[in-house]
Amino acid sequence: MTSIDKHFQEYFASVDKAGDDRCYLCRRTSSDVKTFFGFNEDGTPVNADEYGIEDVVLYKLDIMSYKGTRPVCAVCQLNFETIFMAGDHDCVEQVMREIENERDKLWPMDKRRDPDESSAPEE
Ligand SMILES: [Zn+2]
């Protein structure tokens, strides 16, 4: 099997399990990740002339990994590496539990107001 064949096999296996071609954790598409890092769809930098980085090219393999259980984007890889380097494994688990079980605490409905409503005088 060539490396291209292997790459596509990993890609389709991962995307098939995830249901679509987005990061399993943050739902970003490859295009979203490129935009996040300041690159155009073709992998060339946005405003390259302005920053003097016209020689920098973002490769497809730098955007999304399909080698694991689910697709994972480079943004989440970097974010989680930072969390794990800080030794915050327990905190990640706690945050996951809060997201799963404490939605009302995280996103209280009574605190939400229409922006127009908040500027209106109370009666
Ligand atoms: Zn992600």
>> Here are the criteria: (1) more than 10 Å from the ligand (Cβ to nearest atom); (2) at pLDDT 80 or above. Tell me which single one residue 80 does not satisfy.
In response: (1)
>> Could you tell me how many of the residues in region 90-105 are within 17 Å of residue 25 (Cβ to Cβ) and surrounded by 10 or more Cβ atoms within 10 Å (Cβ to Cβ)?
In response: 9
> Going by the conditions given, is residue 111 surrounded by fewer than 10 Cβ atoms within 10 Å (Cβ to Cβ) and modelled with pLDDT under 95?
Replying inline: yes
>> Restricting to region 21-60, give me the number of residues that are within 20 Å of residue 7 (Cα to Cα), in contact with a Gly (Cβ under 6 Å, 6 or more places away or on another chain) and modelled with pLDDT of 80 or more.
In response: 0
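The values are calculated or read from the model by the stated rules, or taken from the named source; none is laboratory data. Only a predicted model underlies this, so the values are computations on that prediction, with no experimental measurement involved. All Cβ positions, glycine included, derive from the backbone under ideal geometry; neighbour counts span all protein chains shown.
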